[in-house]
Amino acid sequence: MDTPRQTHWKVSLPCPAVFERLTDFCWDIELEARIAAGAIHDSAERSDAPKCHPETRVAVQDDLYSWIVDDDGDLDRPKKMKWVTGPAGTGKTAVMGSLAKRCKADGVLAATFFFASWSASIGRRRKTAFIATIAHQLAQHREDLQNAISHAFEKNPGVLEKNIHVQMEILILAPLREVISRPDRPGLRGAIIIDGLDECEAEQYHNIGSRVKAPPARANDQDQLEILQVLQVASSDPSFPFRILIASRPERVFREFFDPENNPTSFAPKLDLHEDYNAKGDITLFLEAQFSRIRRRYHLLPSWPQPGAIQTLVKNASGQFVYAATVIRFLAESPKAPPDDQLQSILAMKSATASNPFEPLDLLYSHILESSPDPALAKRNLARQNIYSETFTH
């Protein structure tokens with residue numbers, strides 16, 4: 001009887017360098033699956049996001065850019081965290097988006113995150129993917145930082161199930177310390193730009209509808225404050241080289257957090273788009289350029305719009321870019337009447353009181369909804385642009 005023939009298989013293991021690249025590749029795929037890709041400044045989801053019109057908001061962008069790239073004069077305790085604020089419609093998202101584009105072109109953009117309460121992506125509405133998204137972008141910033149973050153993720157595969165304080169420490173701060181401590185000590189710098197943090201919704205860890213008694217539902221400002229605290233810890237770390245810009249409406253949680261009397265941490269002076277900068281000149285430039293475009297498109301007379309029309313619209317805007325942008329969008333896209341007729345109807349609107357700067361905007365929204373053949377669609381479009389008045393959200 002013949003002895004069964006034995007087959008010997010030779011298994012070739014990849015060399016260490018190849019194995020390391022494979023590990024890094026798998027790590028990158030796993031982390032990328034957990035990020036909010038739509039929250040990054042140049043994502044497809046933000047392709048129609050508001051942008052600063054050329055030659056507008058120049059002073060604001062220059063001031064913020066200078067704070068990012070120049071030394072603030074305090075080498076011992078640099079101020080790495082700054083709040084940009086202003087009421088709805090003052091152009092915060094447009095400024096942050098244009099600034100991110102400028103920083104990217106100059107190689108000084110580290111990461112961005114644009115929250116949006118209207119987004120279909122839950123990652124843009126909650127804190128779940130916040131740290132993962134920032135870490136993923138930092139990993140693309142420099143190869144040595146990518147390797148450090150990769151190794152940290154490999155050692156802590158369950159890190160994304162931890163709270164965001166732990167995630168910040170493991171995925172960002174520890175790798176930064178490792179890179180900064182090397183003999184060559186690379187010159188890391190750049191900006192982390194976070195917009196719309198006031199739109200972050202709270203994570204709910206319990207079944208609110210359950211009959212079993214559960215803790216009260218978390219409020220949105222709880223998670224917003226948690227993100228602020230995590231960023232504060234990061235900015236206070238000596239190994240953290242980036243400047244953090246946070247844009248939000250002046251909600252209480254932000255006012256209290258950035259109030260020097262309530263918080264001993266030294267922040268850079270806040271920037272208020274409504275109080276610190278006169279937007280009238282920029283709004284005038286924007287309207288002049290856009291009226292010229294509409295005039296060419298619809299073959300209107302060179303004298304259109306009539307004298308005083310732009311000045312009236314600038315006055316009605318009360319420093320809110322959202323008013324001017326909504327007027328232009330309505331004139332250019334309204335199917336119900338030509339632009340000159342629609343402009344006359346807007347100019348004819350009269351506010352009942354001069355004490356409410358948002359009343360012209362509310363009247364404009366009402367007119368748009370009444371003029372639209374599909375009011376529900378018009379309402380969604382306004383909300384999608386994040387320029388929707390509080391009057392119509394209830």
Point to revise | Residues within the stretch 132-189 that are part of a loop (DSSP other than H, G, I, E, B), basic (Lys, Arg) and at pLDDT below 95, tallied | key: 4
Check your understanding: Out of curiosity, is Ile194 closer than 17 Å to Glu226 by Cβ, open to solvent by less than 10 Å² (accessible area, probe 1.4 Å) and not in a loop (DSSP other than H, G, I, E, B)?
Key -> yes
Exercise for review: Within the stretch 97-126, count every residue that is of a type in the set (A, V, I, L, M), open to solvent by 10 Å² or more (accessible area, probe 1.4 Å) and within 18 Å of Val60 (Cβ to Cβ).
Suggested key: 2
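Residues are listed down the side, and each one gets a yes or a no for (1) within 24 Å of Pro87 (Cα to Cα); (2) of a type in the set (S, T, N, Q); (3) touching a residue at least 24 places away in the same chain (Cβ under 8 Å); (4) open to solvent by 30 Å² or more (accessible area, probe 1.4 Å):
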residue: Pro241; (1), (2), (3), (4): no, no, yes, yes
residue: Arg249; (1), (2), (3), (4): yes, no, yes, yes
residue: Arg252; (1), (2), (3), (4): yes, no, yes, yes
residue: Asp259; (1), (2), (3), (4): yes, no, no, yes
residue: Asp272; (1), (2), (3), (4): yes, no, yes, no
residue: Ile294; (1), (2), (3), (4): no, no, yes, no
residue: His299; (1), (2), (3), (4): no, no, no, yes
residue: Ser303; (1), (2), (3), (4): no, yes, no, yes
residue: Pro307; (1), (2), (3), (4): no, no, no, yes
Check your understanding: Can you tell which of Ala94, Ala129 is touching a Pro at 6+ places or on another chain (Cβ under 8 Å) and open to solvent by less than 20 Å² (accessible area, probe 1.4 Å)?
Key -> Ala94
Exercise for review: Report, by residue number, each residue of the stretch 117-160 that is under 12 Å from Ile35 (Cβ atoms) and either of a type in the set (S, T, N, Q) or more than 22 Å from the chain's Cα centre (by Cα) (or both).
Suggested key: Ser121, Thr128, Thr133, Gln137, Gln140
Check your understanding: Filtering the stretch 243-293 down to residues that are among the small types (Gly, Ala, Ser) and out of contact with any strand residue (DSSP E or B) (no Cβ under 8 Å at 6 or more places or on another chain), which residue is nearest to Leu197 (Cα to Cα)?
Key -> Ser266
Check your understanding: Would the stretch 379-387 turn up any residue that is open to solvent by less than 50 Å² (accessible area, probe 1.4 Å) and modelled with pLDDT of 65 or more?
Key -> no
Review point. Residues of the stretch 296-334 being over 15 Å from Gln344 (Cα atoms), more than 30 Å from the chain's Cα centre (by Cα) and in a helix (DSSP H, G or I), which ones?
Key: Arg296, Arg297
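To keep it simple, each residue is scored yes or no on (1) hydrophobic (A, V, I, L, M, F, W, C); (2) outside any loop (DSSP other than H, G, I, E, B); (3) modelled with pLDDT under 95.
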residue	(1), (2), (3)
Ala234	yes, yes, no
Ile244	yes, yes, no
Asp259	no, no, yes
Pro264	no, no, yes
Phe267	yes, no, yes
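The values are calculated or read from the model by the stated rules, or taken from the named source; none is laboratory data. As the structure is a prediction and not an experimental result, all values here were calculated from the model. Heads up, the Cβs are rebuilt from the backbone with ideal geometry, glycines too, and the neighbour counts pull from every protein chain shown. Calculation scope for accessible area: heavy atoms of the full protein, side chains included, ligands and nucleic acids excluded. Shrake-Rupley method; radii C 1.70, N 1.55, O 1.52, S 1.80 Å.
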